[in-house]
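Bear in mind these aren't lab numbers, they're just calculated from the coordinates by the rules spelled out. Everything numeric in this text was worked out from a predicted model, so none of it was measured. All Cβ positions, even for glycine, are placed from backbone atoms using ideal geometry, and neighbour counts span all protein chains on display.
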Amino acid sequence: MAGMDNPADTVEIRRADINDASALARVGATAFTQAFGHLYPAEDLEQFLRTSHNAQTWGSTLSDAHTCVLIAEGAATGVMGYIAVGPCKLPVQDVESFAGEVQQLYVLAEFHNLKLGSRLMEAGLSWLSSHNRAPLYLGVWSENYGAQRFYSRYGFRHLGEYGFRVGSTIDREFIFKCSPDQ
C-alpha cells in the first residue's frame, strides 16, 4: 500500500491548543538540547530551559490570539516537532507594523529525515500569509549553517544580528528577512 513505508505519511500537522503545553515544553527542551546543548555550561542551559520551555510559558504562548503554534504529530510517536509563528518580536530597527516572525521551528533529532521541518515551515508561512504578516523575520544561530541554507530556500536573507541569551551566555544570532518584493 502506498505511503505505508514512510512514517511521515502518517504525521498530522495541526494547530496546537492549551492541552499541548506540556508536550511542547518537553519537545522544545529536548530539541533545543539536542541541537545546542553542547554549547552551554549546564547551569546556563538549565536556566534557559526552565524559563523558556515550561508548560506555563507555552500556555501563555498558546493563549495569544496573534500567535500560531503548529505541531507535527504521529499517532504512535506523539509530538515530533513544532513551529511557532506570529508578530515580529526580534530587535529589528523600524520594524514594520504587520511584520511576522518564524519564532521557533524544532523537530526532534530522531525525526529529522522525514522532512517535517519543511512541512511545518510551509504550514507556518501559510498561516502568516493568511494573517497578512509581511515582511517576515526569523533569528538563527550564526553557526547553524544547515538552518541558514534551509531558510534561504524560502527566500530569507541575512539582515543583521543580535545577542541571544541562554543563561549568562550570549550567542551571536543572525536576523533573516523575507520580503514579498525580494
Most fluctuating of Val27, Val92, Val79 in the GNM of the chain (C-alpha, under 10 Å) is Val92
Please check which bits of region 142-165 a label hung off Arg172 would reach, taking the label as a point 7 Å along Cα-to-C-beta and the cut-off as backbone N under 20 Å. 142-152, 157-165
Identify, among His53, Leu70, Gln148, the residue whose Cα sits farthest towards the positive end of the charge dipole of the chain, taking +1 on the Cβ of Lys and Arg and -1 on the Cβ of Asp and Glu, with the dipole about the Cα centre. Gln148
Over 10 Å intervals from 0, what percent of Cα-Cα pairs in region 83-127 sits in each interval? 26, 43, 24, 7
Dipole moment magnitude, nearest 20 debye, region 106-182 about Cα centre, only Lys, Arg, Asp, Glu C-beta charged: 160
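Roughly how big is the chain's charge dipole about its Cα centre, with Cβ charges of +1 (Lys, Arg) and -1 (Asp, Glu), in debye to the nearest 20? Write out the running numbers ahead of the final one.
Details: 14 positive and 20 negative charges, 44 e Å.
That gives the chain a dipole magnitude of about 220 debye.
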Take Phe150 and Ser179, extend 7 Å from each Cα along the Cα→Cβ direction, and tell me the distance between the two endpoints in nm. 2.6
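Kirkwood hydrodynamic radius, computed over distinct alpha-carbon pairs, for the chain: how many Å, to one decimal? Let's see the in-between values first.
Numbers: mean 1/r = 0.0591 Å⁻¹.
So the Kirkwood estimate lands at 16.9 Å.
From the square roots a ≥ b ≥ c of the eigenvalues of the alpha-carbon gyration tensor of region 107-182, which class results: rounded (a/c under 1.5), prolate (a/b over b/c), or oblate? Numbers along the way, then the final one.
On the way: a/c = 1.83, a/b = 1.15, b/c = 1.59.
It comes out oblate by the Cα gyration axes.
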Report, in whole Å, the centroid distance computed from the Cα atoms of region 44-110 and region 130-177. 14
Quick one: net charge of Thr61's neighbours, Cβ under 15 Å, K/R +1, D/E -1? -1
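For n ≥ 4 DSSP H runs only, could you compute -39500 (n - 2.57) per run for the chain, divide by its residues and tell me the 222 nm figure to the nearest 500?
Working: 5 runs with 59 residues, N = 182.
So the helix-based figure for the chain works out to -10000 deg cm²/dmol.
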Evaluate 2.2 N^0.38 Å with N set to the residue count of region 53-134, then give the Cα radius of gyration divided by it. 1.16
